[in-house]
Amino acid sequence: MLAALLLTLGAAAPVPAIAASGAVSSASAFAAGLPAAIASAATVPAATVPAATVPAATASAPAAPSGADDCAAASAIAGYATFAFDNVAASQDGPASPCGMERDVWFRWTAPASEGVLLETCGLAAFDTVLAVYDGGGGCPPTGAPIVCGDDAAGCGFQTRVTFSATAGAEYLVRVGSSVFAPAGGAGSVRIGPSCPGALPGPNVVAADLGQAALWATVGGTSAYSFTTTACNLGTEELLWIASTSEHPVFTHNVYRLEDGRLEQIGTSFAKHGYGALQSALCCDCIPAGTISRLGVGCSDPYSASTNGWQPNLAPRAEINASTGAVAFPIGSQVPVPPASSGLDRRTQVAAADLDPTLHPGARYFVEAVYVAQDDAAAGNAFDNASFREFTRGSVDGSGGVRIFGQGETFRGLPAIAILPLARVDEVRVPGDGALWVASGARIEGGGAWRYELCVFNLSSHRGVSAVSLPAGAAPRDAYASYPRAHSGEPRANEPWITSFTGGRARFAAQNTAAPDANAILWATMHTFSFVSDTPPTDGLVELELWRGAGPQTVLAPARVPGDLLAVSYCTAEPNSGGGIGRLLPGEYQPLASLELSAIGLPPSAIGMVVTSTAQGFVPFAGGSDGNLCLGGMLGRSVGAFTQAADATGTFTVTADLTALPQPSSLVAVQPGDTWHFQAWHRDGPMGSNFTEAVSVVF
């Protein structure tokens, strides 16, 4: 594979234009799910917005075979598709009970994956159908009870819909027949497909819907809210929901204000402990678990706003490790919880002034739910645990509290920071830990100045962030920082962060980071930073300093920063084996002499190299890799070093000699006004390889 790749990189022939079939920009993938008014400027890595994977065969025309009258000769079928049958002349060679079936025909179906499966005749037959599924390893006809059987289905009239959990490669007997009340039978089709398209392997809890708000009290200018929340299990295995142990989900609520292009978190709550799972079907066709101690595959569980505001069941966030899903139980066993003294305690607290229409006339508001569960985290599915919905303001009650109401849809699997109309919104995974999100952008202030905005949201990192730093550019000034206030005994200090401009960098840092209650950016928390600079923006790097824990003390994240040259990222990268998106971004620049290039988001210790060209291109899976080569024309490899090894954070840095950039047959000096394109190739797993995003640099 490496030899094939090097041949590809060394080719001097122009790369042919590639049709759009494989090139979907991250911005367009994200914007498809957002209101048009806010989608145009959003840039989110495609890997963080997974599209539902619905096999094309589920929508295809009915396919042969048409079912066998004799179970022993059952028609062999496999995969997801729609299969024709005709039972007019069929006899009955299976038991009539428990679903009351006559004139049965049989299929022997092989499951393509371990996941929930849906079988239905809804809209596919003109008579009263019955379906049953049996273990394919038994006798024929089977004598035992079916795995599942069904007759009439809700919303389907006299047609049938059933679901069950299948195992990849296993065989199942699918029996299709007529109801005892419609013995004549007829021709029709049965559709077989996943019960929850796009489900991730293992348990996967997602906040599926944020409903309406309850306003509990307003005391001393602070209002307390709770919100209706419905969770879905969008995984292929049941999710533990055991009330008497720590093996149940917990979730918390946040409130954000978007005003004049700046997003700030203005409200937080304690974490609600789940205590029993209903088996509803908000998100997918539900396969009920049969117990309230587990949430079935594709099933949903609602909690009312009043239940979510019940103070005895709300716990400090500090008792939860969002990275591992570990939850202290009983509540208060790790962090002492003061008794509730008013209607405010532990609930989602927001300063009434932050919602005041006269103080914030053009503001928009968003509510977010963030879930944590041990088995979800163990399955590697904790990266889609935040969802958000827009809320609008209503009337003011007698105590001065502003009523708020949900509007529009809930955006599932994305944190509220994704709504921010800035130049970049990126997910950053901390090795051995959880995920952070970084949003950044710049706007013209006038007089040759730019205001830089930066938001850092901690989705699930237990280590947290205690400081951020980035290039400051010329004459940095007018710094601003905001953060949500802890309350109700949460052990987090409400101390302002310290701002400094030294050594050409802007740094925002928590006070007394050695303290156990430092105001670090902890899970389900977002801080907002801003400053003015006279240097225009470029795509670059922000450094995030981690607050606690062993291992690397910093991670790098993409950001729009003040820069001495114009650099713009382009071309969507494929997720790598570490689950992240690789990116290549410029660092320190010596005009026309040298340029640092850092590859970030790689698997730890991955070997890689930087390649360059004066032309863009697009070759999917180039050289047998798992990624996209985004350069064309004459390609030069080993910029700055033959190969480099990524460190424990998945980062390596090379220094490009701009007086001698490699090309296939020579070394070329960069000239003023030149545009060069750079990309990093890297090893990905034992035998694979991949590419980062590419960056265009104007010198």
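The values are calculated or read from the model by the stated rules, or taken from the named source; none is laboratory data. This structure is a prediction, so every number in the text was calculated from the model and none was measured. Backbone-built Cβ (ideal geometry, glycine too); neighbour counts: all protein chains shown. Protein only, heavy atoms only, side chains kept; ligands, DNA and RNA dropped before computing areas. Shrake-Rupley method; radii C 1.70, N 1.55, O 1.52, S 1.80 Å.
Taken together, ALA382, ALA377, ALA386 contain a single residue that is within 30 Å of SER577 (Cβ to Cβ), touching a helix residue (DSSP H, G or I) at 6+ places or on another chain (Cβ under 7 Å) and of a type outside the set (S, T, N, Q), which is ALA382. Residues in the range 67-100 that are surrounded by 13 or more Cβ atoms within 10 Å (Cβ to Cβ) and either among the hydroxyl-bearing types (Ser, Thr, Tyr) or free of Cβ contacts under 8 Å to residues at least 24 places away in the same chain (or both): SER75, TYR80, THR82.
Whether a residue is over 13 Å from TYR371 (Cβ atoms) and more than 25 Å from the chain's Cα centre (by Cα) was assessed, and SER323 does not pass this test. Within the range 611-631, residues that are assigned to a strand (DSSP E or B) have Cβ atoms under 7 Å from residues that are among the charged types (D, E, K, R) in these pairs: VAL611/ARG637; ASN628/GLU574, counting only partners at least 6 apart in sequence or on another chain. Report whether or not SER613 is at pLDDT below 95 and in contact with a Leu (Cβ under 7 Å, 6 or more places away or on another chain). For SER613, the condition - at pLDDT below 95 and in contact with a Leu (Cβ under 7 Å, 6 or more places away or on another chain) - is not met. Scan the range 326-374 for residues that are of a type in the set (D, E, K, R) and either over 31 Å from the mean Cα position of the chain (by Cα) or over 23 Å from PHE457 (Cα atoms) (or both) and the total you get is 2.
Is at least one residue of the range 42-64 more than 27 Å from GLY298 (Cβ to Cβ), modelled with pLDDT of 70 or more and not charged (D, E, K, R)? No: zero hits. In the set (1) closer than 19 Å to PRO672 by Cα; (2) under 24 Å from the mean Cα position of the chain (by Cα), ALA567 fails one condition alone, (2).
Going through the range 127-149 one residue at a time, which ones are polar (S, T, N, Q), surrounded by 20 or more Cβ atoms within 10 Å (Cβ to Cβ) and not in a strand (DSSP E or B)?
Here is the first cut: in the range 127-149, the residues polar (S, T, N, Q) are 129, 143.
Then drop every residue that is not surrounded by 20 or more Cβ atoms within 10 Å (Cβ to Cβ), which leaves 129.
Within the range 127-149, no residue meets the criteria.
Residue-wise test of (1) out of contact with any Cys (no Cβ under 9 Å at 6 or more places or on another chain); (2) under 30 Å from GLY79 (Cα atoms).
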| position | (1), (2) |
| --- | --- |
| GLY185 | yes, yes |
| SER189 | yes, yes |
| SER195 | no, yes |
| GLY198 | yes, yes |
| PRO201 | yes, yes |
| THR222 | yes, no |
| TYR225 | yes, no |
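Do we find a residue being small (Gly, Ala, Ser) and either within 25 Å of ASN576 (Cα to Cα) or crowded, with 24+ Cβ neighbours inside 10 Å (or both) anywhere in the range 403-413? Among the residues of the range 403-413, at least one is small (Gly, Ala, Ser) and either within 25 Å of ASN576 (Cα to Cα) or crowded, with 24+ Cβ neighbours inside 10 Å (or both), which makes the answer yes.
In the range 335-364, of all residues being surrounded by fewer than 16 Cβ atoms within 10 Å (Cβ to Cβ) and polar (S, T, N, Q), the one that is nearest to ARG403 (Cα to Cα) corresponds to THR358. PRO686 fulfils the conditions (1) open to solvent by less than 10 Å² (accessible area, probe 1.4 Å); (2) under 28 Å from the mean Cα position of the chain (by Cα) except for a single criterion, (1).
Yes or no: the range 162-179 includes at least one residue that is at pLDDT below 85 and in a loop (DSSP other than H, G, I, E, B). There is no residue in the range 162-179 that is at pLDDT below 85 and in a loop (DSSP other than H, G, I, E, B). Taking the conditions (1) part of a strand (DSSP E or B); (2) of a type in the set (A, V, I, L, M); (3) crowded, with 18+ Cβ neighbours inside 10 Å in turn, ALA573 satisfies each one other than (1). Beta carbons closer than 7 Å, at least 6 apart along the sequence or on distinct chains, pair a first residue in the range 111-124 that is among the β-branched types (Val, Ile, Thr) with a second that is outside any loop (DSSP other than H, G, I, E, B) and open to solvent by 20 Å² or more (accessible area, probe 1.4 Å) for VAL117/THR163.
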